[in-house]
1. Within segment B:32-62, count every residue that is of a type in the set (D, E, K, R) and in a loop (DSSP other than H, G, I, E, B).
2. Taking B:N220 and the conditions (1) free of Cβ contacts under 8 Å to residues at least 40 places away in the same chain; (2) among the polar types (S, T, N, Q); (3) more than 9 Å from chain A (Cβ to nearest Cβ), which numbered condition does it fall short on, given that it satisfies the others?
3. Would you check which residues across segment A:193-224 are farther than 30 Å from A:T104 by Cα and of a type in the set (A, V, I, L, M, F, W, C) and list them?
4. Within segment A:1-52, how many residues turn out to be of a type outside the set (S, T, Y) and within 30 Å of A:L82 (Cα to Cα)?
5. Across segment B:9-32, which residue is surrounded by the most Cβ atoms within 10 Å (Cβ to Cβ) among those that are away from chain A (no Cβ under 14 Å) and within 25 Å of the chain's Cα centre (by Cα)?
6. When residues of segment A:62-80 are filtered for being among the aromatic types (F, W, Y) and within 11 Å of A:M18 (Cα to Cα), how many remain?
7. Just give me the residues in segment B:193-213 being touching a residue at least 40 places away in the same chain (Cβ under 8 Å), buried (at least 19 other Cβ atoms within 10 Å of the Cβ) and within 11 Å of another protein chain (Cβ to nearest Cβ), in sequence order.
Amino acid sequence: MIASLRMFYSSVGRKLVMAMTGLFLCFFLLEHLYGNLLLYKMDGGKAFNEYGEFLVGNIIIRTVEFALFGGIILHIIDGLYLTYSNKKARPVRYAVNQQSKNSTWFSRNMGLTGSVIFIFLVVHLRTFFVPHRILGAESSMAHDVASAFQSGMYASLYVAAMLLLGAHLNHGFQSAFQTLGWNNHKYASAIKTAGTLYALLIALGFSSFPIFFHFDIMGVASNILHTTL
Amino acid sequence: MAESINLKLKIWRQRNTKDSGHFETYDMPGVSTHMSFLEMMDVLNDRLIRDGKDPVAFDHDCREGICGMCSMYINGRAHGPLKGTTTCQLHMRHFSDGETITIEPWRASAFPVIKDLVVNRSAFDKIIAAGGYISVNTGNAPDANSLPVEKVKADEAFDAAACIGCGACVATCKNASGMLFLSAKVSHLALLPQGEPERKERVMRMIDAHDEAGLGSCTNTGACEAECPKEISISHIARLNREYLRAGMSQE
């Protein structure tokens, strides 16, 4: 067991862990987005709440949830380790360094964007996951979403975090394919385009909720807030 | 264009590995725009020697862009501002009159400064020694074309083999990672039948040597391929990763 894990300890191996957990989290985001879209059903949040209850009640989903938290933790720990060891590889910095001439800011600052996303994640879990899943709140999840986004501060934090997440994913998605070796001259541009489209979908998709609910666009917020289930 | 320009050089001076080092500024009046960057350094050193001062130590050898000896981080770019060029092939016409040029050595813990702009790149030699070779029986040379190689693969292998081991990838990479160099070496042998017998062992051992040297890991920023004087593609890094997965998953 330990011997077979040895390959994940090298510099390339640790990147493989980053790539695999990253792609797993990419898949999770799609599932999460699908669930959230049920908030737009204009049924007073019924479908969204039922979907949430279905997830909680399903044994397979509960198991995958452990893998999800494991994946997030592994992605963070591995990312921290890589950032630390990569900083150590250049103890003396350049006096003049024109990095913008050869790479994008977001590709060089995945650790920074990742850290901000982590802070967002803590806030996000504190608002929705902890009260409902750990403290066993009785209120409807859809109702909580709609009321949380009435705060301008809270809604704008969400939008900012989601745009940053999009930038993180724009590099991360194609980077994961490169690390897993699924990249060559033939596929490179297709993978990059797919990654950008994916990042846009996630960033814009998730940003739409705080925007729509804060400004009550098309009555999405009042539809839920004025319904008692 | 002016035939000669006046420059100010801000050069990193460091007596030895242990010295903490500092920048020194030199006025360079009347630099011919036809000179190469290294020729300009020669002019400076000639003057320093005449003045009884210590000349600036820098690496150089062939001066025709194929040996990989010249280095220098010029105005924040490995081998200077020109794409696909070594420092010796960079000419002074790419700089403007009155400019201050900052010259630093490659910066990486794996490349300690020996003196001024000269760094110790033996980390690369250790990576090569770990697997950048093929084992062949000595004897008569085999008949030509006895080992068929597809044209596409031969071309791809040749592109990788164009690596001159200058270390610009490490110098440029924000993580001081040697992945582009390492991948070029692994890739060019993995593509050819001659490299087949040691294929799995090679990638494992070369990555171990890379990590032991204290070089960083790749975060796919693509900076190395943008600054590589031989314009080696990061698709070789993808191939390296593929080779690594293949070797790591296999039973041996």
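The values are calculated or read from the model by the stated rules, or taken from the named source; none is laboratory data. Bear in mind that the values here come from a model prediction, so they are computed numbers and not experimental data. Every residue, glycine among them, receives a Cβ derived from its backbone with ideal geometry; neighbour counts consider all protein chains shown.
1. Keep residues of segment B:32-62 that are of a type in the set (D, E, K, R), which gives B:39, B:42, B:46-47, B:50-51, B:53-54, B:59, B:61.
Adding the requirement that they be in a loop (DSSP other than H, G, I, E, B) leaves B:51, B:53-54, B:59, B:61.
Of the residues in segment B:32-62, 5 are of a type in the set (D, E, K, R) and in a loop (DSSP other than H, G, I, E, B).
2. (3)
3. So in segment A:193-224, the residues farther than 30 Å from A:T104 by Cα come out as A:212-224.
Selection gives A:F212, A:F213, A:F215, A:I217, A:M218, A:V220, A:A221, A:I224.
4. First, pick out the residues of segment A:1-52 that are of a type outside the set (S, T, Y): A:1-3, A:5-8, A:12-20, A:22-33, A:35-39, A:41-50, A:52.
From what is left, the residues that are within 30 Å of A:L82 (Cα to Cα) are A:1-3, A:5-8, A:12-20, A:22-33.
Residues flagged as of a type outside the set (S, T, Y) and within 30 Å of A:L82 (Cα to Cα) within segment A:1-52 amount to 28.
5. Of segment B:9-32, the ones away from chain A (no Cβ under 14 Å) are B:15-16, B:26-32.
Pick out the ones that are also within 25 Å of the chain's Cα centre (by Cα) and you get B:15-16.
Values: B:R15: 13, B:N16: 11.
Checking each candidate, the answer is B:R15.
6. Going residue by residue through segment A:62-80, those that are among the aromatic types (F, W, Y) are A:66, A:69.
This time we only want the ones that are within 11 Å of A:M18 (Cα to Cα), so: none.
Residues that pass the stated criteria total 0.
7. Of everything in segment B:193-213, those that are touching a residue at least 40 places away in the same chain (Cβ under 8 Å), buried (at least 19 other Cβ atoms within 10 Å of the Cβ) and within 11 Å of another protein chain (Cβ to nearest Cβ) turn out to be B:V203, B:M204, B:M206, B:A209, B:H210, B:A213.
Listed here are the residues, each with its yes/no results for (1) of a type outside the set (D, E); (2) over 17 Å from A:L23 (Cα atoms).
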{"site": "A:A137", "(1), (2)": "yes, yes"}
{"site": "A:M141", "(1), (2)": "yes, yes"}
{"site": "A:D144", "(1), (2)": "no, yes"}
{"site": "A:A148", "(1), (2)": "yes, yes"}
{"site": "A:A155", "(1), (2)": "yes, yes"}
{"site": "A:A160", "(1), (2)": "yes, yes"}
{"site": "A:L165", "(1), (2)": "yes, no"}
{"site": "A:L169", "(1), (2)": "yes, no"}
